[in-house]
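See structure below.
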Amino acid sequence: MNEGLVQALVNGILLGGFYAILGVGFSLVYGVMGIINLAHASMVMIGSYLTFSLFSGIGLDPFLSIPLVAAALFVISWLVQKYLLNSLIRRGFMGMTVVSTFGLNLFLINVALLIWSADYRGVVSSYSGVAFELFGIRFPLVRIIILALSLLLTYVLWLFLIRTKTGKAIRAVSLNREAAVLMGIDVYSIYNITFGIGGALAGMAGALLSPISSITPFMGGPLLGIVFSVAVLGGLGNVSGAVIAGIVLGVAQVVGVHFIGTSWQLAISYGIFILVLLVRPQGLRGVKFVK
Amino acid sequence: MRDLEFKQQEAALARNRLLAQTRNWPLMAVLVAITLLLVAAPFALGGYWMRVLTVVFIFATMAEAVNIIAGYTGYPALGNAVFFGTGAYVAAIAANELGVSLAPAIVLAGLGCVTYAVVLGLPILRLSGRYFLMATLGLMEITREVVLNLDITGGAQGQIFPSVTSDPVLANRLFYYLGFGLLLLTALATWWIQNHNIGLALRAIKFDEEAARAMGINTTVYKTAAWAVSAFFTGMGGPSTGISWPTSSQQRSTRSRPRCGCTSSTCSEERARCSVHCSAPASWSFSPSSCGPASQSSTILFLVLSSC
């Protein structure tokens, strides 16, 4: 078998794990509230910038900054939901939530431009060049850590949704809002928490992305395509589906790039996205939400 | 027979509605006055305000166009700016490769976008609501990527439209009237759609697509037609934006395009693109970013303002 292709497959799987955590926050927010968060990728961007600032300011390792970044974005998202989106939902302007997240997207991009300027930034730690070699195939250390942490954090999210009371409440609201209200669940505070978790996941993804990508205020645009693809491929609101979808997408993208060329990477992910929408809109797993 | 009777009644009703609107003479007088003022404005205003108005006209045109598919038909086409860029490219390529002059190039741009909308609309308009929204955004990104990678579009360098006139005052006026004419045309088309059966059908699709189909409305045809009309006007807006910015392209590219203002050495590609913008007096240049967030955001703004 072609060695380049095997390397591409390995790269795809390493990338796919990261795609899972990239898409799962968006997927969760859509699954619970039906809000399309167009600012999700920009939240990832803000997460990357925070990691960069922590790294260049106090020399904090990008992976150790994950809890801080996640907390910061949880608070930001929580506030956005509480004071912006909830007031729209309360007044019945569900369709306007998409427009306001679109505005939030532009706002975040311009805030990043103001604070960090348009220069390309990067997080280069001491071990970023380290790689293992096995049967002639390279396994970069940073990417292995990213894969492991992505899967771990997604698993923690899944446990949270399955085991904890808040997680159960979130699932209940997503299954049937009226029934959840009758059971004494405060739907709007659940919305706040869900959007906060979505933002925190975006922040984590941003922190994980920072060592392997250059950071610019406009990095969100291409990421949003991957977010859409993962969320739709995995089934909107489906956590375990997002993991499978992320890996499928990662492999498809890297193998596609291997055969067609790097410059078509985005077209591949968006192409998969539209194809899935047309052929199988309920996603790979074909269930509505985590059981 | 009853069908015919019903149609006649409908037509009579529509006529009455039209008459009622024309009889509202204070409103009509104000509209006519504003129109005359705007027609006369170029002779009183300076270059700056004329350009501002030109951009207002084009954005309003795009908003009217989005309104047809998103407002009347209820399909949130958030990525409609794709037709803005596609139209600009079609016109520029037609002018550069085939030597087509300004007016036919603009019409060609509109027709090219209609084709694009019909070909893509037939599969994509099968999706409902939010999925359609995401698909249109995806479509925009794919188009950008394809434009970046094709040879005929000039890749990241973009296209430069051959200069129409070397006189900046004349160019300003030309683009002003072009934008104004386009806005009037779009407004008239929207008004016509609103007052005829097609508008009724589109609104029926918005309220309940299943029921509309049950009433004998061919929803596929109407939805695709709505998107095609929307694409037609957005597409004509692309080349007539006068994005020439004949005299102040330098200012513009640094002021309102943050991407172009970057100074870091890493974004040499961006700067190469900007230099094309800046060093092209009295000509239009289009780069892949002309289908980007800037034009899109204004569409959204007007979508919010004018959604019905």
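The test for being open to solvent by less than 10 Å² (accessible area, probe 1.4 Å), in a helix (DSSP H, G or I) and not hydroxyl-bearing (Ser, Thr, Tyr) does not hold for B:Ala40. Do the conditions hold for B:Leu125, that is, is it hydrophobic (A, V, I, L, M, F, W, C) and open to solvent by less than 20 Å² (accessible area, probe 1.4 Å)? Answer is yes for this residue. All of (1) in contact (Cβ under 8 Å) with a residue 12 or more places away in the chain; (2) within 12 Å of chain B (Cβ to nearest Cβ); (3) over 26 Å from A:Ser125 (Cα atoms) hold for A:Ser42 with one exception: (3).
Yes or no: B:Ser101 open to solvent by 10 Å² or more (accessible area, probe 1.4 Å) and modelled with pLDDT under 80? Working first, answer last.
On the way: open to solvent by 10 Å² or more (accessible area, probe 1.4 Å): yes; modelled with pLDDT under 80: no.
Answer is no for this residue.
A single member of A:Ser150, A:Ser189, A:Ser117 is within 24 Å of the chain's Cα centre (by Cα), under 30 Å from A:Ala8 (Cα atoms) and among the small types (Gly, Ala, Ser), and it is A:Ser150.
Residues in segment A:33-51 that are within 17 Å of A:Val227 (Cα to Cα), open to solvent by less than 10 Å² (accessible area, probe 1.4 Å) and not small (Gly, Ala, Ser): A:Ile35, A:Ile36, A:Asn37, A:Leu38, A:His40, A:Met43, A:Val44, A:Met45. If the condition is being over 25 Å from A:Leu201 (Cβ atoms) and open to solvent by less than 60 Å² (accessible area, probe 1.4 Å), then segment A:131-152 contributes A:Ala131, A:Gly136, A:Ile137, A:Phe139.
Name the helices (runs of 4 or more DSSP H) wholly inside segment A:153-265 in which the number of residues that are within 14 Å of another protein chain (Cβ to nearest Cβ), open to solvent by 10 Å² or more (accessible area, probe 1.4 Å) and among the β-branched types (Val, Ile, Thr) is 1 or more. Lay out the reasoning, then the answer.
On the way: elements: A:165-175, A:177-182, A:187-209, A:220-234, A:239-260.
The helices (runs of 4 or more DSSP H) meeting that bar are A:220-234, A:239-260.
Scanning segment B:164-223 for residues that are open to solvent by 70 Å² or more (accessible area, probe 1.4 Å) and among the small types (Gly, Ala, Ser) yields B:Ser166, B:Ala214. Just one residue in the set A:Ser126, A:Ser117 is at the interface with chain B (Cβ under 10 Å from one of its Cβ atoms), free of Cβ contacts under 8 Å to residues at least 24 places away in the same chain, surrounded by fewer than 18 Cβ atoms within 10 Å (Cβ to Cβ) and among the polar types (S, T, N, Q); that residue is A:Ser117. For segment A:75-91, filtered to residues that are open to solvent by 60 Å² or more (accessible area, probe 1.4 Å) and not hydrophobic (A, V, I, L, M, F, W, C), the residue that is nearest to the other protein chains (Cβ to nearest Cβ) is A:Arg91.
None of B:Val90, B:Val52 is surrounded by fewer than 24 Cβ atoms within 10 Å (Cβ to Cβ) and on the phi < 0 side of the Ramachandran plot except B:Val52. Among (1) within 13 Å of chain B (Cβ to nearest Cβ); (2) closer than 20 Å to A:Leu224 by Cβ, which single condition is A:Met94 missing? Here A:Met94 clears every test but (2).
The values are calculated or read from the model by the stated rules, or taken from the named source; none is laboratory data. Source: prediction; values computed, not measured. Cβ atoms come from the backbone with ideal geometry, glycine included; neighbour counts cover every protein chain shown. Accessible surface is based on the protein model in full, side chains and every heavy atom, while ligands, DNA and RNA are left aside. Shrake-Rupley method; radii C 1.70, N 1.55, O 1.52, S 1.80 Å.
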